[in-house]
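Right, I'll just put the structure down here and ask away after.
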Amino acid sequence: MTAAFRGAVAVLIVAAARPAPAAEGVDFARDVAPILEARCVRCHDPAERKGELSLATADDLVAFGYVVPGDVGGSHLLDVVRPSDDGPPTMPKESAPLSEEEVATLTAWVEAGAVWPAGVVVEERAATDKSFWSLRPLADPEPPAPEGLPEAWTANPIDRFVFAQLREAGLEPNPSADRRTLVRRATYDLTGLPPTPEEVEAFVADPSPDAYERLIDRLLDSPRYGERWGRHWLDVARFGESNGYERNVLIDGLWPYRDYVIRSFNEDKPFDRFVLEQLAGDVLGPGDPSVEVGTSFLVCGPYDDVGNQDAAAAAVIRANTIDDMIRATSEAFLGLTVGCARCHDHKFDPITQADYYRFYAAFAGVRHGAREIASPEQRGERDAALAPLLAGRGELEARRAEFVAAIAARAEAHAAEREAGWTRPPADRGGVEERFGATEAKFVRLVVAGTDRSPATPSNFRIDEFEVYSAGPDPRNVALASAGARATGASRRADDFQDAYAAALAIDGRSSTRWHAQEPILTVELAAPATIDRVVFSADRERQRPSEPFAAEYRIEVSADGEQWTAVADSSDRKPLGDDHRRHRLFEAEITPDERSRIAEFDAELAEVGRQIAAVPTFPSWWVGTFSLPKDRDVRVFLGGDPQRPGDPVAPSSPAVLSEVTTGYQLDADAPEPDRRLALARWIVRDDNPLTPRVLANRLWHYHFGTGLVATPSDFGDMGARPSHPALLDWLAARLRADRWRLKPLHRRIMLSQTYRQSSEWRSEPAAADSGDRLLWRFPPRRLDAEEVRDTVLTVSGKLDLRAGGPGFRLYRYLQDNVSTYVPLDEHGPETYRRAVYHQNARAASVDLLAEFDCPDNAFAVSNRSSTTTPLQALTLLNHRFTLDMSGCLAARLEREAGVEPAAQVDRAFALCFGRRPDDAERGAAVTLVVDHGLPAFCRAMLNSTELLHID
C-alpha cells in the first residue's frame, strides 16, 4: 500500500516499502525529511537538479554518492553544510546556513546508517494559504460615495470606485475627451477599424444626450466587433495554424475555430457556454459543427508530430502535449499557472502536483487531429446513399482483377523465353550508362516509365546528374549548363520555391544537387548539334542518399528539332529490380491491344462510380481533436515530471486549490473520456468559482485600457500582479455573472463610464504620483496593434475587403518538404486585402509588417501583447511594397473623391486618416508636399504619421 506523510514534512510515499528500522534517536520522516524539504530540495529536486544533484529520493542519494551510510567523514553532504577552516558552509547557497541542531540531526542520521524508507520522496512544500485575494469568494461590494465626487461621475458605479482611489491618492481625473477623440477611440476599441469621416461628422453634430450611448450600441452590433474581440481571444487561446516544432506543418482545418470565436462574440454567447463548448463541445452538441468546433481550443496549440520510436521519448512528447492543454485551460479561464506544478508542488501558489495531474486526467484522452463532424442520423443517411455505389465498385474491381489475373497467368507461362532477353544488370541509383550507335542530335531526352519504388509510376524520382557524351576518341559531356546546354522538365514545387528542385540542377556538373521530377520527361537541349553515342545519369552518384527514388524503367530519345524523336536506348534488356518489376514487365509484354482496351473500359467504369461516390455530400473535417482514453486509464503523478517515474494514482477530480470556496467533483478512475472534460468545464463555470468571472472581467478591462486591473491577466497567483482596484474588479465580475455571462453589457458599462471617456492629456502632477496611470487619472493612449495598423492602411486607402469567414489568406509562400519554410511575399495582391484576423497565422511565419508591430507568434498563449518602438517599424512602414502600393491607392481615392485641387485632396486625406480637418499650417505644408513631390508621396507620409498610428 502507499501512504503520505504530509503537513509539516510534505513527504510522499510512492511505493510499498518494508518498514525500515528507525535509527537510534533519529526518525527520517520526523527529523531528516523536514530539513531536506525546507533547505535543500528547492534547488535539488528531480526537476531542478542544480549541480546535477537531486536529494529527493534514496535512489538519487545513492546514485550521486553524496552520502555514505555510516561514514560521517566520507559523506560530502555533511561537508557542504558545515563550516570549514576556509569559511562558512557552501550550502545552501540561497538561504542562511543550517542551524547547529539541523547539522547535528543530519550527522546523527548518516552515522546511524542514513536509513531512508523505500519509496519515500521528499518534496518542497506547496504554498498553503488559500486565503489569497484571488481565491476568496467573489464579493459584490457597494460602490463607494467618496467626498467631492463630480456630478458626472455619480451615475456609473465604475466611476465611483475609480474616483475613490484617486481621491485617496490626492489626484483629480482628466476632463472628458472631445467628441472626435471619443468616436475614434470607441470605434477602434470595439471594431479595430477607424471610423469613416461621415461617421465622425455625424457623431460630432448629433445634439442628442444619448448620442454616445447609441454610438456604443451601434459598434457592439457591428460584425466587425467579433473580428476585433475574437482576435483578442485567439491570442489567449494560443491559436496558430501550424503545429510548430521542427516540422511546423500548416493546418488547414483550424479556420473554422477562428470563425466560431468571431461568431460567438458577435452573438454575445454567454461565456460560461463558450467555456463549456471549448472544453467539451463534442459532448454538448454531438454532430453539430457550430458547437463541436469549439473543442479546437484544446488542439490549436503547438504539438510535436515527428514521432519517436523510443518509448521513453514518446511518453515525454505526449506529456508535453497534454501540458500545453493544461496551461492553456488553467491560464485562460482561471488565471492559474497550474503548469508550474508539473514537476513538483507550485512554489508560490497553493497548487499541488496532484492538482496538475487532476487536470492531466481530464485531458488524457485528447489528441491532435482532424475529425468529420456529423450526427448519427446524418451518418446513417450518407451510409445508405453510399452502400449501392460501394457494392457496385466492389463488383467491378473483382471482375477487373479476375481479367488481369488471367493475363498475368498467361504471362508467367511465357516467362522463360522473355527473361532470356534480360541480359544486362538492373538500373542502379548510383549510375546508369547507355551506349548506342553514333548519332547527331540537338535534343536528348530521358522518358521514364517506372521507378525503383513502383514499375508503373513515372514521376517523383531524382536525377543528380544527366550527362551526354560526344562520340570519338576524346569524348566530352556536351550536356553541361556551363557548355550552353539547357534542361527542362516539370519539377516538384518549382512554382513555390524557384529553382529549388529545377531540371537545371541535373546538368550543373554537381552531384550534390538534384532534379526532383514531377513528370516523367527530362529534356536537354544542347548548345549546338553534336554527334553523340553515350548517356549517363544517376540519382545518388556519391552513394549518400540510399533512399532516393530513381528511374528504373526508361528509354533515351534524340531529336534534331525537338519535334520528331527517335529512341536510341532503353531498359528493356536490363534485369528487373524485383518481383514487382518482373511481373510488370511480363504483363506488359503479354497483354494484347484488345485486352488493354478492356482494362481501360473497366477503369472508365470504376472512374464513373468513383465520381458518383465523390458526389455524395461529405461532412466537414475540421481540426477539432480526437477523443479516446488509452488502454491504461490510470493517471499517476510523474515524479519530477518524468513519465518514467510514476507515483500515486490520481482520479479525474476538481483541483483542490479552490476546495474551500467551490464545490468540487470526483469521478471514478475509469470514468469515460467525455465525462472528464465536461466535469472540469462545469467546475470552471460554477457560480461559486470566483476565479473565472474575475479573470474574464479583468480581460475586458485590459483590452479597453491597455492594462488590466490585474496587470498579469493570466496569472492571478502570488507571482502575478495585485489588483489596482480590487473592489471594482469584484463588482465587475459580479455584474458579469448577474448578466448571465454576457460580455456586451459589461462592455457598455465600461465604455459609458467617465473613466473611459477621459481625455488622455498628460499632466505632470498626477504623472509624478502615478506614472503608470494605474489609478486611471487619464485615459491611457496607445499605439495601434499590428492587425490594426494593416487594416487601417487598407481602410483609408479604400482597399479593405470585408469578406468574412472561410479559409484564410497567406502573406507568405508555404514550402513544405520534410520541414516547412515560410517565405514572406514581396507583393501583396488583392487576395490579401482582407482583415488581418483572417490571415492564416502559421507559427514562425514572420510577416514583415505584422511582425515588426509585435504580432505574436502564438507559440504560447499571449495575454498581454508587447508594444515596442523600434527603428525597423518606421523603416518597414515607410519602405515596404505594401505601403507604397497603398499610398498609390490612397492617392487614387483622393483624386476620385476630392478632385484635382491639392487643398481639397489634403482635406479629404485628413478626414480619412485622422477624422478631422487640417489647420492652416498643416494644410499649407501638405499642399506644398503634394505640389513638389506628388500626391502619392503625401499619402505615404500620411500612412506613416504618428496620429494615424495612435489612439488618444
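The values are calculated or read from the model by the stated rules, or taken from the named source; none is laboratory data. What you see is a predicted model, and the numbers here were worked out from it, not measured in a lab. Every residue, glycine as well, gets a Cβ built from its backbone with ideal geometry; the counts of neighbours run over all protein chains shown.
Considering only the stretch 380-406, state which residues are of a type in the set (D, E, K, R) and touching a residue at least 12 places away in the same chain (Cβ under 8 Å). Working first, answer last.
Residues of the stretch 380-406 of a type in the set (D, E, K, R): 381-383, 393, 395, 397, 399-400, 402.
Within the stretch 380-406, Arg382, Arg393, Glu397, Arg399, Arg400 qualify.
Failed condition for Ala859, given (1) assigned to a loop (DSSP other than H, G, I, E, B); (2) free of Cβ contacts under 8 Å to residues at least 24 places away in the same chain; (3) out of contact with any Phe, Trp or Tyr (no Cβ under 9 Å at 6 or more places or on another chain), with all others met?
(2) is the only condition that Ala859 fails.
Of the residues Tyr188, Tyr245, which single one is closer than 30 Å to Ile326 by Cα and surrounded by fewer than 23 Cβ atoms within 10 Å (Cβ to Cβ)?
Tyr245
Also, I was wondering about something else. Restricted to the stretch 127-159, and to residues that are among the β-branched types (Val, Ile, Thr) and in a loop (DSSP other than H, G, I, E, B), which residue is modelled with the lowest pLDDT?
Among them, the one singled out is Thr128.
If I ask for residues that are modelled with pLDDT of 95 or more, farther than 12 Å from Ala506 by Cβ and touching a Gly at 6+ places or on another chain (Cβ under 9 Å), which ones from the stretch 444-470 would you list?
Once the filter is applied, which keeps residues that are modelled with pLDDT of 95 or more, farther than 12 Å from Ala506 by Cβ and touching a Gly at 6+ places or on another chain (Cβ under 9 Å), the stretch 444-470 yields nothing.
Next question, about the same structure. Within the stretch 868-889, restricting attention to residues that are surrounded by 15 or more Cβ atoms within 10 Å (Cβ to Cβ) and among the hydroxyl-bearing types (Ser, Thr, Tyr), which residue is modelled with the lowest pLDDT?
Thr876
Now, a different point. Among Val103, Val80, Val67, which is the only one that is surrounded by 14 or more Cβ atoms within 10 Å (Cβ to Cβ), free of Cβ contacts under 8 Å to residues at least 12 places away in the same chain and either under 49 Å from the mean Cα position of the chain (by Cα) or in a helix (DSSP H, G or I) (or both)?
Details: Val103 fails: free of Cβ contacts under 8 Å to residues at least 12 places away in the same chain; Val67 fails: free of Cβ contacts under 8 Å to residues at least 12 places away in the same chain.
When all the criteria are applied, what remains is Val80.
When you scan the stretch 707-733, how many residues do you find that are under 25 Å from Arg778 (Cβ atoms) and under 24 Å from the mean Cα position of the chain (by Cα)?
Total meeting the criteria: 2.
Please work out which residue is farthest from Arg476 (Cα to Cα), limiting yourself to the stretch 536-554 and to residues that are surrounded by fewer than 24 Cβ atoms within 10 Å (Cβ to Cβ) and in contact with a Gly (Cβ under 9 Å, 6 or more places away or on another chain). Before you say what the answer is, go through the steps one by one.
So in the stretch 536-554, the residues surrounded by fewer than 24 Cβ atoms within 10 Å (Cβ to Cβ) come out as 536, 540-549.
The next check asks that each one be in contact with a Gly (Cβ under 9 Å, 6 or more places away or on another chain); those that pass are 536, 540-543.
Numbers: Val536: 12, Asp540: 21, Arg541: 18, Glu542: 21, Arg543: 24 Å.
Here the residue is Arg543.
Here's another thing I want to ask about it. For the list (1) within 47 Å of the chain's Cα centre (by Cα); (2) modelled with pLDDT of 95 or more, I need the number of the one condition that Arg543 fails.
Going through the list (1) within 47 Å of the chain's Cα centre (by Cα); (2) modelled with pLDDT of 95 or more, Arg543 breaks only (2).
Another one. Looking at (1) assigned to a helix (DSSP H, G or I); (2) within 15 Å of Phe860 (Cβ to Cβ), which is the only condition Val293 fails?
Answer for Val293: the failing condition is (2).
Right, another one. Condition first: farther than 21 Å from Lys50 by Cβ and modelled with pLDDT under 75. Now tell me which residues in the stretch 76-106 satisfy that.
Those that are farther than 21 Å from Lys50 by Cβ and modelled with pLDDT under 75: Asp85, Asp86.
Right, next: Would you confirm, using the coordinates I've provided, whether Thr692 is hydroxyl-bearing (Ser, Thr, Tyr), crowded, with 18+ Cβ neighbours inside 10 Å and more than 21 Å from Ala139 (Cα to Cα)?
On the way: hydroxyl-bearing (Ser, Thr, Tyr): yes; crowded, with 18+ Cβ neighbours inside 10 Å: yes; more than 21 Å from Ala139 (Cα to Cα): no.
Against the criterion (hydroxyl-bearing (Ser, Thr, Tyr), crowded, with 18+ Cβ neighbours inside 10 Å and more than 21 Å from Ala139 (Cα to Cα)), Thr692 does not qualify.
Moving on. Counting just the residues of the stretch 397-440 that are under 50 Å from the mean Cα position of the chain (by Cα) and assigned to a strand (DSSP E or B), which one comes out farthest from Gly472 (Cα to Cα)?
Looking at residues that are under 50 Å from the mean Cα position of the chain (by Cα) and assigned to a strand (DSSP E or B), I get Val432.
Also, I was wondering about something else. Considering (1) among the acidic types (Asp, Glu); (2) over 21 Å from the mean Cα position of the chain (by Cα); (3) surrounded by fewer than 22 Cβ atoms within 10 Å (Cβ to Cβ), say which one Asp304 fails and leave the rest.
Condition not satisfied by Asp304: (2).
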